[in-house]
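Notes follow the structure.
The values are calculated or read from the model by the stated rules, or taken from the named source; none is laboratory data. The structure displayed is predicted, hence computed values, not measured ones. Glycine also receives a Cβ, built like all others from the backbone with ideal geometry; neighbour counts cover every protein chain displayed.
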Amino acid sequence: MSTLTLRAPAQPTALPPRPQLAQWRQELAGHFPGLSPVFVALLALWSFGIILARNCGLDTVSLHIARLQRQRTNTVRQRLREFYQEAPAKAGAKRGGKRRDFDVTSCFVPLLRWLLSLWPCTRLALALDVTNLGSKFHVLCVSVLYGGIGIPVAWKILPGNQKKCWNDVWCELLHTLQPAIGPEWTVAVLTDRGLESTRLFQEIVDVGWHPLMRVKAAGTFRPVGWMHWHKMAWFVPRVGDRFAAVGVAYKSADGPLACTLLACWEPGHEDPWLILTDLPVAASSPSWYAFRAWIEQGFKMIKSGGLQWQRTRMTKAERAERVWLAIAVSMLWLVVLGAAVEADERRETLGKVCTAALPHPVRRHRLFLLGLAEWQAGWQSGGLLALGWLEPEVWSDTWHDYRTSTEEEFCSKELYP
């Protein structure tokens, strides 16, 4: 009578690192010199796995990396956890083993410098905004705006349901990024009405950058040479109106804010744009504020439109901040790849025409998705996935020809149309 012999399943044989993964790790090591080789390798695994899986959940990324490397999923999972865990929580710490940690804020300047090394000019648009993950997290994020999307370069994640007084956090993030940008750069910092703040405005100016802060219609403003204060919406009462003047804002504040008001009400918009800046009228345009919407597209790609971060089961904000470093690196990689694809397609279409002076056409696909398609094609063909250069962004003309009005002229025009 024959006996059935049960054999243990064969152990998977680990494969050497794929050339693309090894190249990516080398790229990261060059741009994050202050990060230890262990964390560089883990950052490469995380970001590579996030793109491969189109998901930033630990279990999903672990599964894809394990299949790629022919390793046990639990082994890869434990290794990836080492990236975001605090040193005391890591395996072996209680047994006297040496475990290290890293401060994610130390990576913000290298991350921004890396992006600016690919930049085509010395003019830059940053946006500050908050994205929430239900009642679990508030993510305060500074993003570089390019090609219809926001690329995170600095962030702070706070537990949900906290009192929303975040000026200290915003100011700290701005001062952290300051060393990455030289004095020859012109930097516009765009904020929405929820972040309207005299202190934040002044902090942006102190850093050496230029706020374009959208403000509420009920705020007050008095142009230089005028006698009376007026609500900001009063300056553009109808669709098609435009107004610009240097003056002071916020009559009821302890110290009124010296600034420039740029106001316009374009057709198709429900409300006017009321923008405060430190730039003179002849050197600015409220149309630049349109770039701010791109940070929302960046959040969409991080969440349901791309990397599915909204499904995270993390509960500790400091751990989520470290995973966001891998998300930001992945976003940068895909957007730069997508920009190269778009530039090649435009050159093929327009031939020898100078494309730098032409506005970007309406995009069928976001740069993120173009980059993802290019990444997948390169991955399947076994080719290397090198980063290229970014094309210059088109900025609208300044209001250099705008004529300001005296109080008497403006009031008579309003009272006697």
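Does at least one position in the stretch 157-169 carry a residue that is under 26 Å from Ala249 (Cβ atoms), assigned to a helix (DSSP H, G or I) and in contact with a Cys (Cβ under 9 Å, 6 or more places away or on another chain)? Walk me through how you get there before you give the answer.
From the stretch 157-169, those under 26 Å from Ala249 (Cβ atoms) are 163-169; that's our starting set.
Within this subset, residues satisfying the condition of being assigned to a helix (DSSP H, G or I) are 167-169.
Among the residues that remain, those that are also in contact with a Cys (Cβ under 9 Å, 6 or more places away or on another chain) are: none.
Scanning the stretch 157-169 turns up no residue that is under 26 Å from Ala249 (Cβ atoms), assigned to a helix (DSSP H, G or I) and in contact with a Cys (Cβ under 9 Å, 6 or more places away or on another chain).
Here Leu276 fulfils each of the conditions (1) touching a residue at least 40 places away in the same chain (Cβ under 8 Å); (2) closer than 24 Å to Leu43 by Cβ apart from (2). Listed conditions (1) within 30 Å of Gly225 (Cβ to Cβ); (2) without any contact (Cβ under 8 Å) to a residue 40 or more places away in the chain; (3) outside any loop (DSSP other than H, G, I, E, B) are all met by Ser287, apart from (2).
Of all residues in the stretch 201-228, those being over 21 Å from the mean Cα position of the chain (by Cα) and either in contact (Cβ under 8 Å) with a residue 60 or more places away in the chain or under 23 Å from Asp271 (Cβ atoms) (or both) number 13.
Name the residues in the stretch 225-242 that are assigned to a loop (DSSP other than H, G, I, E, B), surrounded by 11 or more Cβ atoms within 10 Å (Cβ to Cβ), touching a strand residue (DSSP E or B) at 6+ places or on another chain (Cβ under 8 Å) and not aromatic (Phe, Trp, Tyr), would you? Hits for the stretch 225-242 are Val236, Asp241.
Answer yes or no as to whether Leu274 is touching a Pro at 6+ places or on another chain (Cβ under 7 Å), surrounded by 15 or more Cβ atoms within 10 Å (Cβ to Cβ), in the same structural domain as Gln202 (by TED's automatic domain parsing) and closer than 21 Å to Asp129 by Cβ. So Leu274 fails the test.
Within the stretch 60-81, none of the residues are within 30 Å of Val394 (Cα to Cα) and surrounded by 15 or more Cβ atoms within 10 Å (Cβ to Cβ). Is the stretch 248-269 home to any residue that is at pLDDT below 95, surrounded by fewer than 20 Cβ atoms within 10 Å (Cβ to Cβ) and either assigned to a helix (DSSP H, G or I) or not assigned by TED's automatic domain parsing to the domain that holds Leu133 (or both)? Within the stretch 248-269, not a single residue is at pLDDT below 95, surrounded by fewer than 20 Cβ atoms within 10 Å (Cβ to Cβ) and either assigned to a helix (DSSP H, G or I) or not assigned by TED's automatic domain parsing to the domain that holds Leu133 (or both).
Would the stretch 210-233 turn up any residue that is more than 30 Å from Met314 (Cα to Cα) and among the hydroxyl-bearing types (Ser, Thr, Tyr)? Taking every residue of the stretch 210-233 in turn, at least one turns out to be more than 30 Å from Met314 (Cα to Cα) and among the hydroxyl-bearing types (Ser, Thr, Tyr). Does at least one position in the stretch 147-165 carry a residue that is closer than 25 Å to Pro280 by Cα, surrounded by fewer than 20 Cβ atoms within 10 Å (Cβ to Cβ) and not polar (S, T, N, Q)? No, because not a single residue in the stretch 147-165 is closer than 25 Å to Pro280 by Cα, surrounded by fewer than 20 Cβ atoms within 10 Å (Cβ to Cβ) and not polar (S, T, N, Q). Taken together, Met301, Met331 contain a single residue that is part of a helix (DSSP H, G or I), touching a residue at least 60 places away in the same chain (Cβ under 8 Å) and under 18 Å from Trp114 (Cα atoms), which is Met331. So which residues in the stretch 201-224 are within 21 Å of Asp168 (Cβ to Cβ) and in a strand (DSSP E or B)? Those that are within 21 Å of Asp168 (Cβ to Cβ) and in a strand (DSSP E or B): Pro211, Met213.
Residue-wise test of (1) at pLDDT below 95; (2) over 17 Å from Arg319 (Cβ atoms).
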site	(1), (2)
Ala89	yes, no
Arg95	yes, yes
Phe102	yes, no
Cys107	no, no
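Restricting attention to the stretch 366-403, the residues that are surrounded by 15 or more Cβ atoms within 10 Å (Cβ to Cβ), assigned to a loop (DSSP other than H, G, I, E, B) and either touching a Pro at 6+ places or on another chain (Cβ under 7 Å) or of a type outside the set (Phe, Trp, Tyr) (or both) add up to 7.
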